[in-house]
Amino acid sequence: MGKVLEKEAFGLAAKDESGVLSPFSFSRRETGEKDVRFKVLFCGICHSDLHMVKNEWGSSIYPVVPGHEIVGVVTEVGAKVTKFKTGDNVGVGCLVGSCGSCDNCTEGMENYCPKLIQTYGFKYYDDTITCGGYSDHMVCDEGFVIRIPDNLPMDAAAPLLCAGITVYSPMKYHGLDKPGMHIGVVGLGGLGHVGVKFAKAMGCKVTVISTSEGKRDEAINRLGADTFLVSRDPKQVKDAMGTMDGIIDTVSATHPLLPLLGLLKHKGKLVMVGAPVKPLELPVLPLIFERKMVVGSLIGGIKETQEMMDMAAKHNITADIELISADYVNTAMERLEKADVRYRFVIDVANTLKPSPIL
């Protein structure tokens, strides 16, 4: 893997469960023969970053340098790298390693490898702990690097590396990508707004499902959804019962599943891609009597992620972002916890991440 160079990188890290991010110097390995090194330009802030910096899933290893929606420009490649060259626009999502030999890996589903290595907070092959994109540069095996098409703006493309593939993968895998299908999207946040865009690009009819009327105009007139449904309105729910082929549920908060199952057709699929901290109550009778399914999905493999990014370029799909400076990141985390963002914070790393105290 090459020797570790001390104090080579600079970023932002949470040192404890308070989740407060502060300046942090750490090591990146030297560029190995199959590695790509790139200058980080932008990094999205995912809701899972918030969970991890506060150890809400109980798996965090401190210090945590978050960030898995990372884009930048290649500055160096290893001697055996074949896919990339200096100056290329690239990105790294949620994975930086896997075993490469299990059934999941050989089928292009590295995201389900039992030995997967996530972009931050996991032990790497050299026994170091991986550090994410809230940092000045990255080093990654070329097999886990994504090419960012030239026509996509780098800042707005960054969230696609997590949010984009998280909604794209289950739609493709479960056959919910056919023109004319009726797809529901629960929650119009970082995942949901991208889900609407991909589903529309696939030719589907899209209904945004929300708890209030507040986002109706946004969903239909700006994002292009066909209809909008308030899940707390019994009449709206009744009128739409049994009409949807599939539902992508992006909500990370505790919420009832029974109304969503009622919206599905026979054999319909409710796909869970949000990550609630507390368990949800699962009504079983609708599953038995109407052969409905509740399934989960975790990001996507590398090949599929590249496929998603290429489709985004073809259809001009990007995330709607609020670009922030590095010194705003703690405030952004507080706002994210309150769902006060439309729809993804992205850190302007290259221009604002400096070795100075965070305000």
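The values are calculated or read from the model by the stated rules, or taken from the named source; none is laboratory data. Everything numeric in this text was worked out from a predicted model, so none of it was measured. Counting neighbours? That spans all protein chains shown, and the Cβs are built from the backbone with ideal geometry, glycine included. Protein only, heavy atoms only, side chains kept; ligands, DNA and RNA dropped before computing areas. Shrake-Rupley method; radii C 1.70, N 1.55, O 1.52, S 1.80 Å.
Values computed for the structure shown
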| read-out | value |
| --- | --- |
| Positions within region 270-307 being within 21 Å of the chain's Cα centre (by Cα) and either of a type in the set (D, E, K, R) or part of a strand (DSSP E or B) (or both), in sequence order | LEU270, VAL271, MET272, LYS278, VAL294, VAL295, GLY296, LYS303, GLU304, GLU307 |
| Positions within region 122-156 being over 17 Å from VAL40 (Cβ atoms) and of a type outside the set (Phe, Trp, Tyr), in sequence order | LYS123, ASP126, ASP127, THR128, ILE129, GLY143, PRO149, ASP150, ASN151 |
| Region 188-208, residues that are in contact with a Pro (Cβ under 8 Å, 6 or more places away or on another chain), open to solvent by less than 10 Å² (accessible area, probe 1.4 Å) and under 20 Å from THR243 (Cα atoms) | CYS204 |
| Condition broken by GLY58, with the remaining ones in (1) open to solvent by less than 50 Å² (accessible area, probe 1.4 Å); (2) more than 19 Å from ASN351 (Cα to Cα); (3) free of Cβ contacts under 8 Å to residues at least 40 places away in the same chain satisfied | (1) |
| Region 170-187: number of residues that are surrounded by fewer than 22 Cβ atoms within 10 Å (Cβ to Cβ) and of a type outside the set (Asp, Glu) | 8 |
| Among the residues listed as LEU229, LEU176, LEU223, LEU161, the single one being within 19 Å of GLU69 (Cβ to Cβ) and modelled with pLDDT of 95 or more | LEU161 |
| Any hit, region 209-231, residues being aliphatic (A, V, I, L, M), in contact with a Gly (Cβ under 7 Å, 6 or more places away or on another chain) and open to solvent by less than 20 Å² (accessible area, probe 1.4 Å) | yes |
| Matching residues, region 145-169, being in a helix (DSSP H, G or I) and either surrounded by 24 or more Cβ atoms within 10 Å (Cβ to Cβ) or polar (S, T, N, Q) (or both) | ALA157, ALA158, PRO159, LEU160, LEU161, ALA163, GLY164, ILE165, THR166, VAL167, TYR168, SER169 |
| Qualifying positions in region 40-64 - touching a strand residue (DSSP E or B) at 6+ places or on another chain (Cβ under 7 Å), among the aromatic types (Phe, Trp, Tyr) and assigned to a loop (DSSP other than H, G, I, E, B) | TYR62 |
